[in-house]
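Input: a single structure, listed below in structure tokens.
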Amino acid sequence: MLHYFTHYTTHAANDRLIPRERTVPIPATITAVHGYPSKLAVYKITASKYWQVRCWVAGRTHKRSTKTTSLPIAQRFARWFYEDLLVKQLAPQAAVQTAASATKHQLTFGALAAQVYADEQARVERGEFGAGSLRMFRNRLDAQVLPRFGMMLANNIDYAALQEFSRTLSVKYSTTTVSHYLIVVRKVLAHAVRIGQLEQLPEFPKIKIKAASRGAFTPTEYWQLLRAARALRGQKHPNSKQDLRKRIKQCYNDHTMSPDIAWAIGFMVNSFIRPGDLTKIRHRHIELVRGSTNTYLRLTLPETKLHTAPIVTLYPAVRIYQQIVQHQAQHNRAKPNDYIFLPDITNRNYALTVLSFMFNWVLQHTGLKLNPHGHPRSLYSLRHSAITFRLLYGQGIDLVTLARNARTSVEVINNHYASTVTGEQNIAMLQSRRTHTT
């Protein structure tokens, strides 16, 4: 049912070739899946480095390899595997029953979530839903929603259960994040209503969202970051390798500051891109445009949040890109399909982790990790700075043009980016006078 499982394989084909004792679960590794029956468990065997999953459904034991060495990811897979089996077991029965008798076979919240995930995946394939949004939906299900509600029936999830869930989340997460988790629950329960598993949606707790915009850097702080990133180039991180290994899991370049960090800082501020775009940009996505009055880069990037329009950069991004090309060409990494930033890292999710880690090093070095209100800054603050600088220093720029070029909406700019622009920062505009014509 779920495309999520297509790349996983079973042991059945190999059991004839592997001695039985090598496929027996190692007792010390058998681990339950939180919130699910004890018949669902993940474990390891001598014959494989990967975690395995097994569960008892419909009178027999089902086993799969999770194809991962990570316990949390294996448990995530186990939840989807179990719910998918339940859905497949009940589907043939429901097909031959009347609507009245079908209500005897109530699906668990987890089984309903599996159906919703499959529907959302189909929407992604049709171009109606963003792939990034689907990943976020699945991550939230796996992180908090399924462990809490996975084995519950939809009609047992009432206001009290949702209120307790939101209270638990509020201890660790912001009001915005709590609201997003409740939206995931609502989407699954709304599906339950549509297919007749639930008569009506329960009342949901009202969460008053306190918007906390990511703090932009001032121009002075931006130059501090650039100078610090350049000065740290080639230096080793002051922490020990053991400590760094725990923090970012893998070792990169002996944890020395890469020249890519300074380039990434300047490129983001002059191109309006998101941090995730840093690891997706290849040379083939960039076109240098030399006009009669303006020279810029045209970025034709992969889709971001359903936005596909090209982005045009400011002129400083042209100089930065030329420096990158010159440097990468010396290492034979400036071909069209090569990545712009950290091209030597094939795992692009890990490349983003390295960029974030190095940028945090620069923030700590300059003392700019926290903004004036005490909120932590991150790579995303550079995008915030890019848009804020245009609002402050762009002559005659309108929000529609800025929003389209930044692949966002006017509403988001008004609520999150323009909210940090103060009257003092535009003092010249406030004190200006209209000229009188005779």
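The values are calculated or read from the model by the stated rules, or taken from the named source; none is laboratory data. Keep in mind the model is a prediction, meaning the values are calculated, not measured. Quick reminder, even Gly has a Cβ in these numbers, built from the backbone with ideal geometry, and neighbours come from all protein chains shown. All accessible areas refer to the heavy atoms of the entire protein, side chains included, with ligands and DNA or RNA removed. Shrake-Rupley method; radii C 1.70, N 1.55, O 1.52, S 1.80 Å.
For this structure, a couple of remarks:
- The range 51-66, subset within 20 Å of Ala114 (Cα to Cα) and assigned to a loop (DSSP other than H, G, I, E, B), residue most open to solvent (accessible area, probe 1.4 Å): Ala58
- Count of the range 375-387 residues which are open to solvent by 10 Å² or more (accessible area, probe 1.4 Å) and part of a helix (DSSP H, G or I): 1
- Ser48 of a type in the set (S, T, N, Q), out of contact with any Lys or Arg (no Cβ under 9 Å at 6 or more places or on another chain) and either at pLDDT below 85 or in a loop (DSSP other than H, G, I, E, B) (or both): no
- Qualifying residue in the range 18-40 (condition: assigned to a strand (DSSP E or B) and modelled with pLDDT of 80 or more): yes
- Criterion: in contact with a Ser or Thr (Cβ under 6 Å, 6 or more places away or on another chain), assigned to a helix (DSSP H, G or I) and more than 19 Å from Leu226 (Cα to Cα) - qualifying residue of Ala317, Ala351: Ala351
- Set side by side, the residues Ala351, Ala317 differ, and just one is surrounded by 16 or more Cβ atoms within 10 Å (Cβ to Cβ) and in contact with a strand residue (DSSP E or B) (Cβ under 6 Å, 6 or more places away or on another chain), which is Ala317.
- Where a residue in the range 130-151 is touching a residue at least 12 places away in the same chain (Cβ under 8 Å) and its partner, wherever it lies, is open to solvent by less than 10 Å² (accessible area, probe 1.4 Å) and among the hydroxyl-bearing types (Ser, Thr, Tyr), with Cβ under 7 Å and at least six apart: Arg138/Tyr117
- Residues that are under 16 Å from the mean Cα position of the chain (by Cα), closer than 23 Å to Leu40 by Cβ and crowded, with 17+ Cβ neighbours inside 10 Å, drawn from the range 122-148: Phe137, Arg138, Arg140, Leu141, Asp142, Gln144
- Subset of the range 231-283 that is small (Gly, Ala, Ser) and over 15 Å from Gln328 (Cβ atoms) - its residue that is modelled with the lowest pLDDT: Ser240
- Among the candidates His416, His365, residue that is part of a helix (DSSP H, G or I) and modelled with pLDDT under 85: His416
- Just one of the listed residues (Asn360, Asn332) is modelled with pLDDT of 90 or more and open to solvent by 80 Å² or more (accessible area, probe 1.4 Å), namely Asn332.
Yes or no, residue by residue, for (1) open to solvent by 70 Å² or more (accessible area, probe 1.4 Å); (2) assigned to a strand (DSSP E or B); (3) farther than 28 Å from Met136 by Cβ; (4) in contact (Cβ under 8 Å) with a residue 60 or more places away in the chain:
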site	(1), (2), (3), (4)
Ile273	no, no, no, yes
Arg284	yes, no, no, no
Glu287	yes, yes, yes, no
Leu301	no, no, no, no
Ile345	no, no, no, yes
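- Top-ranked residue of the range 100-158 - restricted to ones that are at pLDDT 85 or above, part of a helix (DSSP H, G or I) and β-branched (Val, Ile, Thr), ranked as farthest from Ala74 (Cα to Cα): Val116
- Yes/no for Val178 being at pLDDT 90 or above, over 25 Å from Leu368 (Cα atoms) and open to solvent by less than 40 Å² (accessible area, probe 1.4 Å): yes
- Scanning the range 289-299 for residues being open to solvent by less than 20 Å² (accessible area, probe 1.4 Å) and of a type in the set (Val, Ile, Thr) gives a total of 0.
- Leu363 vs. criteria at positive phi and in contact (Cβ under 8 Å) with a residue 40 or more places away in the chain: no
- Of residues in the range 152-164 being free of Cβ contacts under 8 Å to residues at least 40 places away in the same chain and over 20 Å from His191 (Cα atoms), the one surrounded by the most Cβ atoms within 10 Å (Cβ to Cβ): Glu164
- Residue within the range 364-371 that is more than 24 Å from Leu232 (Cα to Cα) and not aromatic (Phe, Trp, Tyr) present: no
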